[in-house]
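Enquirer: I'd like to ask some things about the structure below.
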Amino acid sequence: ELGPLLNIGKPVFESIELVNWNKAIKLIEKSTAVFHTDKPEYKSSGAFVMKILPKQAIKIIETTLRESTSPFLNVLLFSMGGAVSNVLPTSTAYFYRDAKFFINYTSQWLEEDKDEKQKMELATLRERLLPYTVGDYIGNPDPNIKDYLTSYYGDNIDRLEQIKEKYDPENFFHFEQSIPPKPLKTN
């Protein structure tokens, strides 16, 4: 199943192996360290894959990587499953416990004048894969996602909004895509 992806480009390094948790974390850290300058221009997004990707989705990834003008466009597939799926999706804030994979789309460029082109290429890839994916991970925020609350928290958003209202009604803990406080009631 990975054949089409493995045949794209000329990887500097390729490794497919079963490893323990500690080694996996070190390999992930190493594989995602793609920065070539101290302050690169960078964009990241992602999505969860709930069912095995069909050939059409693999073809979209393959074509995008093949036709990309950026040598730094990456599509990282993180395997999910295992113990994380032993907890119900509504038991914690993390909703996508039944996902098969998390896809992380990243791009980097070295010239600021490439911003819009590189961001658009990544956003287009994410959009084209939406029929096969769902949501995104809050630890990988994407300001282009309009319904970010549902995208990050799925069916947990109502409960999380109640928790926000109870414990942080003044919105002390906030960021661009945080859970907003409920509007104040006026008489």
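Enquirer: Among Gln56, Gln108, which is the only one that is modelled with pLDDT of 95 or more and over 16 Å from Tyr137 (Cβ atoms)?
Expert: Gln56
Enquirer: OK, next. Counting only residues that are open to solvent by less than 80 Å² (accessible area, probe 1.4 Å), within 22 Å of Ala47 (Cβ to Cβ) and either assigned to a loop (DSSP other than H, G, I, E, B) or without any contact (Cβ under 8 Å) to a residue 24 or more places away in the chain (or both), how many does region 145-163 have?
Expert: Pass one, region 145-163, residues open to solvent by less than 80 Å² (accessible area, probe 1.4 Å): 145, 148-154, 156-157, 160-161, 163.
Among the residues that remain, those that are also within 22 Å of Ala47 (Cβ to Cβ) are: 145, 148-154, 156-157, 160.
Next cut, either assigned to a loop (DSSP other than H, G, I, E, B) or without any contact (Cβ under 8 Å) to a residue 24 or more places away in the chain (or both) only: 145, 150-151, 157.
Adding up the residues that qualify gives 4.
Enquirer: What residue, of Leu130, Leu125, is modelled with pLDDT of 90 or more and in contact with a helix residue (DSSP H, G or I) (Cβ under 7 Å, 6 or more places away or on another chain)?
Expert: On the way: Leu130 fails: in contact with a helix residue (DSSP H, G or I) (Cβ under 7 Å, 6 or more places away or on another chain).
The match here is Leu125.
Enquirer: Which condition number does Leu88 fail, the rest of (1) at pLDDT 90 or above; (2) under 21 Å from Ala57 (Cα atoms); (3) not β-branched (Val, Ile, Thr) being met?
Expert: Every listed condition holds for Leu88 apart from (2).
Enquirer: Give the residue, chosen from Glu116, Glu161, Glu112, Glu127, that is of a type in the set (Asp, Glu), out of contact with any Ser or Thr (no Cβ under 7 Å at 6 or more places or on another chain) and closer than 23 Å to Lys59 by Cβ.
Expert: Glu127
Enquirer: Let me ask another. Test each condition in (1) touching a helix residue (DSSP H, G or I) at 6+ places or on another chain (Cβ under 7 Å); (2) open to solvent by 30 Å² or more (accessible area, probe 1.4 Å); (3) within 23 Å of Ile61 (Cβ to Cβ); (4) of a type outside the set (Val, Ile, Thr) for Gly135 and report the one that comes out false.
Expert: So the condition that Gly135 fails would be (2).
Enquirer: Looking for something modelled with pLDDT of 75 or more, exposed (fewer than 12 other Cβ atoms within 10 Å of the Cβ) and more than 22 Å from the chain's Cα centre (by Cα) - is there at least one such residue anywhere in region 19-40?
Expert: yes
Enquirer: Something else: Which ones in region 83-123 are touching a residue at least 60 places away in the same chain (Cβ under 8 Å), under 15 Å from Ser45 (Cα atoms) and open to solvent by 60 Å² or more (accessible area, probe 1.4 Å)?
Expert: Result: Lys119, single match.
Enquirer: Also, quick follow-up: Gly154 - would you say it is small (Gly, Ala, Ser), under 30 Å from Ile58 (Cα atoms) and either at pLDDT below 90 or out of contact with any Pro (no Cβ under 8 Å at 6 or more places or on another chain) (or both)?
Expert: no
Enquirer: Further, regarding this structure: What's the number of the only condition in (1) within 23 Å of Val49 (Cα to Cα); (2) assigned to a loop (DSSP other than H, G, I, E, B); (3) at pLDDT below 90; (4) not hydroxyl-bearing (Ser, Thr, Tyr) that Asp136 fails to meet?
Expert: For Asp136, the exception is condition (3).
The values are calculated or read from the model by the stated rules, or taken from the named source; none is laboratory data. All values reported here derive from a predicted model rather than from experimental measurement. Virtual Cβ from ideal backbone geometry, glycine too; neighbours counted across all protein chains shown. Just the protein is used for accessible areas: all its heavy atoms, side chains included, with ligands, DNA and RNA removed. Shrake-Rupley method; radii C 1.70, N 1.55, O 1.52, S 1.80 Å.
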